[in-house]
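Beneath this line is the structure, given in structure tokens, with notes to follow.
The values are calculated or read from the model by the stated rules, or taken from the named source; none is laboratory data. None of these values were measured; they are calculated from a predicted model. Backbone-built Cβ (ideal geometry, glycine too); neighbour counts: all protein chains shown. Accessible surface areas use protein heavy atoms only, side chains included; no ligands, DNA or RNA. Shrake-Rupley method; radii C 1.70, N 1.55, O 1.52, S 1.80 Å.
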Amino acid sequence: MDTLWDNNEKLSAVCRAAGAHLPDEELKALQVGKVAEEAGEAMHALHGLKGLTTCGDDHDWAASN
């Protein structure tokens, strides 16, 4: 079974291949930005589940399964 770090390494390899034309530091910054974006989306979904949004897109636990 793959560990979390194995999966991280695989994903990082895909990102490195896709961004091979970019300078290393720029690629790293883009990867960090993507992780932050996904974390923000997950947090927005959690806020929706808890009814804490102000934009009217509340969710419920049943719909998220």
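Observations, loosely collected:
- Residues that are of a type outside the set (G, A, S) and in contact with a helix residue (DSSP H, G or I) (Cβ under 8 Å, 6 or more places away or on another chain) were ranked within the range 42-65; the one that is modelled with the highest pLDDT is L49.
- Of all residues in the range 34-53, those satisfying the criterion of being open to solvent by less than 60 Å² (accessible area, probe 1.4 Å) and over 14 Å from the mean Cα position of the chain (by Cα) are G48, L49, G51, T53.
- Members of the range 11-33 that are surrounded by 11 or more Cβ atoms within 10 Å (Cβ to Cβ) and under 15 Å from the mean Cα position of the chain (by Cα): L11, S12, C15, K28, A29, L30, Q31
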